[in-house]
Amino acid sequence: MIDTLYEWIWWDRFWLPVNLTWADLEDRDGRVYAKASDLYVTLPCAIAFLLVRYLFERLIATPLAASVGIQEKARLRVADNPILELYYLSHSRNPGQAGIDGLSKKSGWCVRQVERWFRKRRNQDRPGVVKKFREASWRFVFYLLALIGGVVSLYDKEWFYDTREVWNGFPKQTMLDSQYWYYILEMSFYGSLLFRVTFDVKRKDFKEQIIHHLATLTLLSFSWCVNYIRIGTLVMLIHDASDVLLESAKLFNYAKWETTCNSLFVVFAIVFMVTRLIIFPFWLIHCTWVYPTLQYPPFFGYYFFNVMLVVLLFLHIFWAYLILRMVNKFLFGKMTRDERSDDEEDGEESSLTEEEKEESSYCYTNGSGLGTKEGNNGCFRHLSLSENVCPSKTVY
């Protein structure tokens, strides 16, 4: 049963052009081909990346952050409340109005106190600027080295200048050592990001990041197995070109070097638009969509590969939208953050008016709900401005 399923999944007609079999991709006549078993090495390499990252962030990135004046600001901790804490951990970090009303009755706090507690609790869990700086430093170093390595390995190749050469002699194209390491290191890095995604800084595009990492690993794995390595290296290169600029802009943003950050952001936006929305669809996707059909009739692997490229293109369009929003703020307003970031919530806590102070000091409940000062079952409760109701400083 398992053998039959395995044979069906790896059926030649799925992944290879007509009249070609996996036997045609076995090493012979001095040609070396990529093998699916080679990908097993990416797992220990991804774990090695996690170890190297841990050492880098603590031995290099953290001292570097301190040297440029980046420090964590003290955060006010919320008042202990087992009822609210249990709900926060087990149900929702951002309860709806019905949940707020129910928690208000259970805890004996008024609605405003419960809402403020959840805002402060969410802010308490948000990552600090040093953590963000460490992550951006690690990604910047990798993307920079990957970009340099990619250019060195591709600058003297014919298909770097003429995409028609990508399919010249396909699939009997020998794998080069530079291609092997370029693939293995990129896949291992994205694998390490996927392992760490739940622990890294979560942004508004968290789901899109997951889709991107999975699509990237799927594309790289598939292109490796069916010897689409030439086009795979080109795809990786144009992604690294803009990523290194984005991470460097983040570093200067966290260090509050605004002029340098803004300059790098403008360069990043231009490079992103050119590489992801022009070169990627009109050169690379065109290369994989049009040229293969000149040699072979379309097959399942052909459609699968192009669909995954289109998935990446849609993600590029989504991120381009966020970038253009930031460009709009940069040119016509005030850009103070990454559009993907989740800011700390200040709500009403940053500055309370006299009316809000009075409302915070006098919370009231009755038998039918909140918000009625008078009633047969009403109870007018006086509360002092303790930690539970005092405004807290919002830390950015």
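The values are calculated or read from the model by the stated rules, or taken from the named source; none is laboratory data. What you are looking at is a predicted structure, and each value in this text was computed from that prediction instead of being measured. Ideal geometry is used to build each Cβ from the backbone, glycine not excepted, and the neighbour counts take in all protein chains shown. Surface areas here come from the heavy atoms of the whole protein model, side chains and all, with no ligands, DNA or RNA. Shrake-Rupley method; radii C 1.70, N 1.55, O 1.52, S 1.80 Å.
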For the stretch 28-53, how many residues meet the condition of being in contact with a Leu (Cβ under 7 Å, 6 or more places away or on another chain) and of a type in the set (Gly, Ala, Ser)?
-> 0
Filtering the stretch 283-300 down to residues that are out of contact with any Lys or Arg (no Cβ under 8 Å at 6 or more places or on another chain) and in a loop (DSSP other than H, G, I, E, B), which residue is surrounded by the most Cβ atoms within 10 Å (Cβ to Cβ)?
-> 296
Checklist (1) open to solvent by less than 70 Å² (accessible area, probe 1.4 Å); (2) within 30 Å of residue 180 (Cβ to Cβ); (3) modelled with pLDDT under 85 applied to residue 5, failing item | (1)
Name the single residue, out of those in the stretch 42-95 being of a type in the set (Asp, Glu) and under 20 Å from residue 111 (Cα atoms), that is nearest to the chain's Cα centre (by Cα).
-> 85
The residue from 50, 76 that alone is assigned to a loop (DSSP other than H, G, I, E, B), touching a Ser or Thr at 6+ places or on another chain (Cβ under 7 Å) and in contact (Cβ under 8 Å) with a residue 40 or more places away in the chain is 76
Of the numbered conditions (1) open to solvent by less than 60 Å² (accessible area, probe 1.4 Å); (2) under 23 Å from residue 255 (Cα atoms); (3) not in a helix (DSSP H, G or I), residue 62 satisfies every one except a single condition; which is it?
-> (3)
Among the acidic types (Asp, Glu), open to solvent by 50 Å² or more (accessible area, probe 1.4 Å) and more than 32 Å from the chain's Cα centre (by Cα) - does that describe any residue in the stretch 119-126?
-> no
Residue identified as in contact (Cβ under 8 Å) with a residue 60 or more places away in the chain, in a helix (DSSP H, G or I) and crowded, with 22+ Cβ neighbours inside 10 Å among 223, 188 | 223
Some residue of the stretch 200-207 being more than 30 Å from residue 10 (Cβ to Cβ) and among the β-branched types (Val, Ile, Thr) = yes
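A quick yes/no check of all residues on (1) closer than 24 Å to residue 54 by Cα; (2) in contact with a strand residue (DSSP E or B) (Cβ under 8 Å, 6 or more places away or on another chain); (3) aliphatic (A, V, I, L, M):
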residue: 207; (1), (2), (3): no, no, no
residue: 213; (1), (2), (3): yes, no, no
residue: 221; (1), (2), (3): no, no, no
residue: 230; (1), (2), (3): no, no, no
residue: 243; (1), (2), (3): yes, no, no
residue: 248; (1), (2), (3): yes, no, no
residue: 274; (1), (2), (3): no, no, yes
residue: 281; (1), (2), (3): no, no, no
residue: 291; (1), (2), (3): no, no, no
For the stretch 146-173, which residues satisfy the criterion of being of a type outside the set (Phe, Trp, Tyr), open to solvent by less than 50 Å² (accessible area, probe 1.4 Å) and outside any loop (DSSP other than H, G, I, E, B)?
-> 146, 147, 149, 150, 153, 154, 163, 166
Determine whether residue 60 is over 22 Å from residue 197 (Cβ atoms), among the aliphatic types (A, V, I, L, M) and touching a residue at least 24 places away in the same chain (Cβ under 8 Å).
-> yes
On the given criteria, is residue 143 part of a helix (DSSP H, G or I) and open to solvent by less than 20 Å² (accessible area, probe 1.4 Å)?
-> yes
